[in-house]
1. Condition (residue is in contact (Cβ under 8 Å) with a residue 60 or more places away in the chain, buried (at least 17 other Cβ atoms within 10 Å of the Cβ) and within 30 Å of residue 234 (Cα to Cα)) applied to segment 92-105: is it met by at least one residue?
2. Please determine whether any residue of segment 121-133 is within 24 Å of residue 233 (Cβ to Cβ), crowded, with 18+ Cβ neighbours inside 10 Å and in the same structural domain as residue 236 (by TED's automatic domain parsing).
3. From 299, 309, 263, which residue is closer than 27 Å to residue 102 by Cα, in a helix (DSSP H, G or I) and in contact with a strand residue (DSSP E or B) (Cβ under 6 Å, 6 or more places away or on another chain)?
4. Out of curiosity, is residue 78 in the same structural domain as residue 301 (by TED's automatic domain parsing) and under 23 Å from residue 299 (Cα atoms)?
5. From the residues in segment 148-185 that are assigned to a strand (DSSP E or B) and touching a residue at least 40 places away in the same chain (Cβ under 8 Å), which one is surrounded by the fewest Cβ atoms within 10 Å (Cβ to Cβ)?
6. Evaluate the following for residue 186: is it more than 12 Å from residue 155 (Cα to Cα), over 22 Å from the mean Cα position of the chain (by Cα) and at pLDDT 95 or above?
7. For residues that are under 22 Å from residue 62 (Cα atoms) and in contact (Cβ under 8 Å) with a residue 24 or more places away in the chain, scanning just segment 13-40, find the one that is surrounded by the most Cβ atoms within 10 Å (Cβ to Cβ).
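The values are calculated or read from the model by the stated rules, or taken from the named source; none is laboratory data. Everything numeric here is computed off the predicted structure, so don't read it as measured data. With ideal geometry, Cβ positions are generated from the backbone for all residues, glycine too; neighbour counts draw on all protein chains shown.
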């Protein structure tokens, strides 16, 4: 019996690619360059499964390939807003993602951004590397305290809860959250998390605001001019969710006008492009979408795609099916 024919759109960890080669008739992206829309369209004609990453735009046009051979889209990432799920359903395509395995890595990075921004670590490193540092002095590059401050979380899913745990038990922070689907009461008690009924009430009380909401249509530009105005003027925004939940033009203005004190961003609205004004701001820490970028996590994500694909091709229900 012939193996299912699959294509992987970018390089994956070596051990994952080795497993793919054992199980499937796989085409790997050895050059690790993004596939264009035409190549993605062709992939749906030529392969039984397409394994994209969150930066591949799998829209209705891409999936309109005729004749359609593909039956499975195994997304390398927990988010799947890069895929037109309704169009996939209409074409009879099954879509899977990789939840759970990247929770800790992303939560760690959210705290990294929070600490870096609060303590001006990015600015400080640039100061040292440029040989501008003239030595210690009492008023040099003072940041803001983290321990004991108030952290507001927009979204308290797996990653939001992991951030809350680190902030509460590691830094003694007070935890506020907004989430229309909150976790169970015992989980909230373990985190010492206080629920608020509106995003605005979170913004008004929080010293740090960290975004952990999905990139759904209703969350597009969730953080807009009005909401930046609702934040404290010494507050800091952290975003490890998706770039399009923030209105970047409004963020630039809020930072420039002193409506908020800083921002730590791992994701951007039009990756890999970054709003130019953000690149010039010292009170912003910018990272290149590193949320899940640990060796352990990226391998686990790849193996999760494989697990779903094995189940699918064996006629079983993939555990991470989203469509």
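1. So far as segment 92-105 goes, yes, one or more of its residues are in contact (Cβ under 8 Å) with a residue 60 or more places away in the chain, buried (at least 17 other Cβ atoms within 10 Å of the Cβ) and within 30 Å of residue 234 (Cα to Cα).
2. yes
3. None of the others qualify; the one that does is 309.
4. For residue 78, the condition - in the same structural domain as residue 301 (by TED's automatic domain parsing) and under 23 Å from residue 299 (Cα atoms) - is met.
5. From segment 148-185, those assigned to a strand (DSSP E or B) are 150-154, 174-178; that's our starting set.
Within this subset, residues satisfying the condition of being touching a residue at least 40 places away in the same chain (Cβ under 8 Å) are 150-154.
Values: 150: 18, 151: 28, 152: 26, 153: 30, 154: 26.
Only one residue fits best here, namely 150.
6. Here the answer is yes, as residue 186 does meet what is asked.
7. Here the answer is 40.
Conditions (1) at pLDDT 95 or above; (2) assigned to a strand (DSSP E or B); (3) within 16 Å of the chain's Cα centre (by Cα); (4) assigned by TED's automatic domain parsing to the domain that holds residue 176, marked per residue:
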| position | (1), (2), (3), (4) |
| --- | --- |
| 200 | yes, no, no, yes |
| 203 | yes, no, no, yes |
| 209 | yes, yes, yes, yes |
| 214 | no, no, yes, yes |
| 227 | yes, no, no, yes |
| 232 | yes, no, no, yes |
| 238 | yes, yes, yes, yes |
| 249 | yes, no, no, yes |
| 253 | yes, no, no, yes |
